[in-house]
Structures are given as structure tokens and as C-alpha cells.
């Protein structure tokens with residue numbers, strides 16, 4: 001019988017392969033995070049592809065209407081926030097929202113489901129975490145991708161010279177004395193964007209996962225009394241965090257193409 005600490009540690013341990021050959025090394029791969037991200041990504045593509053191929057103008061099905069509702073919601077956010085012209089922003093925003101939502105949705109799976117599957121397959125000590133967004137590596141990878149897009153869109157809109165000039169002359173002016181101060185402030189602003197994106201999503205989903213684990217340690221009656229309301233409330237968090245990640249991405253890309 002595992003202790004409370006062993007139970008929590010087991011559920012919060014990744015299926016990790018160290019690439020450097022040293023246990024606990026920096027260069028490692030979380031197989032569970034990578035596999036779940038890929039599976040959910042292909043699931044998102046498959047669902048939208050099927051709906052697109054079977055779409056009907058007359059008498060559309062309920063699922064088609066649901067997908068169209070999501071697409072319209074994303075398009076509305078892009079039109080209201082992004083004032084430039086780009087064929088990438090809307091598909092990117094849709095992908096971010098749906099993919100992150102599916103990441104977060106995995107948090108509603110029963111806490112001990114994977115452990116039960118591992119036990120039935122004869123490998124009870126195996127580790128497998130099913131919530132990719134509860135892995136800070138996933139959230140930082142996505143936010144760093146957004147950072148690359150921010151820089152790319154800014155250079156595309158203003159030119160390399162214009163972007164460089166903005167980095168050294170904003171916000172305090174173009175005096176050479178102020179160049180170092182401007183550069184420092186610009187870098188702080190630039191770096192803070194992916195950090196806030198990554199840590200906000202990771203913190204909320206990690207906390208939610210941990211609370212589900214703690215509820216699973218309670219007696220059966222308390223599990224149902226607390227787990228049900230928390231799961232219902234967590235649905236709001238799951239959706240909201242996907243929406244916030246998408247909206248902030250649009251905002252940051254919109255700011256990148258504007259002349260401040």
C-alpha cells in the first residue's frame with residue numbers, strides 16, 4: 001500500500017527518457033507529454049477534416065453547427081483584435097484554442113485510470129501523465145513559438161531596420177544615451193510575453209491536476225462530494241485558459257505589426 005507522498009509523487013512523475021545518458025540530465029524527453037500532444041493534435045485535425053468534408057449548407061448537423069460556432073468565435077476575436085492583414089492568424093488562433101482545450105480536457109479523466117491500465121497490463125510502476133499543459137515544457141514550447149512569430153511579424157511589418165530602430169529608441173526617445181535603457185526595457189517586454197503565456201497555463205493546469213489527486217486520496221463519499229463540483233468548475237478553467245492563451249497570442253501579434 002503506497003503512502004500519500006508516494007501516491008502523489010507517482011501521479012506527478014513523467015515517463016521520462018534521458019537523452020544525455022545520465023539519470024536526471026537536462027536533455028530528456030517526456031514521452032507521455034509528447035505522445036499525448038501528438039495524439040490530441042491528430043485528433044483535432046481529424047475531427048475538423050471530417051466535419052469540413054461532410055459539411056452541409058442545408059440542414060447541417062449539430063456537430064457541424066458546434067464546429068462552426070468555434071470557428072466563428074475565433075474569427076470574431078481575430079477581426080476585433082488583429083488590425084493587420086494575415087492569412088495565418090485565424091488558422092493559428094483556431095489551432096491554439098482547440099489544441100490547448102484538448103490538452104486541458106485530459107484533466108477530467110479519472111486520476112487512477114492510467115494506473116489501473118498499467119496495473120492490468122502488468123506494469124503497475126509505470127508513469128504516464130495525460131495532461132500535456134501541466135508540463136511546463138509544453139507551455140514554454142508553445143509560448144516560445146509565439147515569441148518567434150512576434151519577432152517575425154514585427155520585422156515583416158516594419159522591416160529589419162525599422163524593428164531595430166524601435167528596439168533602441170522606444171519608449172524613451174532616440175537619444176543615443178537612452179539606447180541601452182530602451183533596449184533593456186524592450187527585451188524585458190519581449191521576454192515577459194512568452195513567460196506569462198507559459199506560466200499562466202501551466203500553473204492553472206498543474207494546480208487543477210494536483211487538486212484532483214488530493215481529492216482522490218479522500219474517502220469515497222468525500223470524493224464524490226468534492227470531485228463533482230470541482231470537475232464542473234474546472235470545465236470553466238479548462239475553456240478559459242485555452243481562450244486566454246489564444247487571445248493573448250492575437251494581441252501580441254497585433255502589437256507586433258503596429259507602430260507604437
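Going by how many other Cβ atoms sit within 10 Å of their own, how do 209, 125, 258 line up, fewest first?
On the way: 209 22, 125 8, 258 13.
Neighbour counts put them in this order, fewest first: 125, 258, 209.
Could you calculate the contour length gain from residue 156 to residue 55, that is, 0.36 nm times the residue separation minus the distance between their Cα atoms, to one decimal place in nm?
On the way: separation 101, 0.36 × 101 = 36.36 nm, distance 3.58 nm.
Gain in length upon complete extension: 32.8 nm.
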Choice from 192, 175, 156 with maximal GNM fluctuation in the chain (Cα, 10 Å cutoff): 175
For q = 0.24 Å⁻¹, Debye-computed log10 I/I(0) when each Cα of region 1-96 counts as one equal scatterer: -1.22
According to a simple spin-label model (label point 7 Å from Cα along Cα-to-Cβ), what is the distance in nm between residue 145 and residue 235? 2.8
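Give me the extension gain from residue 189 to residue 125: residue separation times 0.36 nm, minus the current Cα-Cα distance, reported in nm with one decimal.
Here the segment from residue 189 to residue 125 would lengthen by 18.7 nm.
Please state, as a whole number in µm²/s, the translational diffusion coefficient that the Stokes-Einstein equation yields for region 4-257 at 20 °C and 1.002 mPa s, with Rh defined as the Kirkwood radius across alpha carbon pairs. Before the final figure, lay out each step's value.
Details: Rh = 20.9 Å.
In µm²/s, the coefficient is 103.
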How do 236, 40 rank when sorted from fewest to most other Cβ atoms within 10 Å of their own Cβ? 236, 40
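Neighbour counts of other C-beta atoms within 10 Å: give me 237, 96, 150, 50 arranged from fewest to most. Kindly include the intermediate steps, with their values, before the conclusion.
On the way: 237 16, 96 22, 150 19, 50 13.
By the 10 Å Cβ count, ascending: 50, 237, 150, 96.
How long is the gain from residue 118 to residue 199 if the chain were fully straight, where each residue apart is worth 0.36 nm and the alpha carbon distance is subtracted? Working shown, then result.
Numbers: separation 81, 0.36 × 81 = 29.16 nm, distance 3.04 nm.
Between residue 118 and residue 199, full extension yields an extra 26.1 nm.
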Based on the alpha carbons, how large is the Rg to Rh ratio for region 168-251 when Rh follows Kirkwood? 1.31
Could you grab the relative contact order for the chain? Cα pairs under 8 Å, six or more apart, rounded to a whole percent. 26
Take the Cα of residue 75, step 7 Å along the line toward its Cβ, and report every residue of region 218-259 whose backbone nitrogen sits under 20 Å from that point. 243, 246-247, 250-251
Taking the convex hull of the alpha carbon atoms in region 53-146, what volume per residue do you get, in Å³? 165
Using the basic label-point model (7 angstrom from Cα toward the beta carbon), what is the residue 39 to residue 166 distance in nanometres? 4.2
Quick one: helix 62-81 against the long Cα principal axis of the chain, what's the angle to the nearest 10°, folded into 0 to 90? 30
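Here, each number is a calculation from the coordinates, and none is a lab measurement. Keep in mind the model is a prediction, meaning the values are calculated, not measured. Ideal geometry is used to build each Cβ from the backbone, glycine not excepted, and the neighbour counts take in all protein chains shown.
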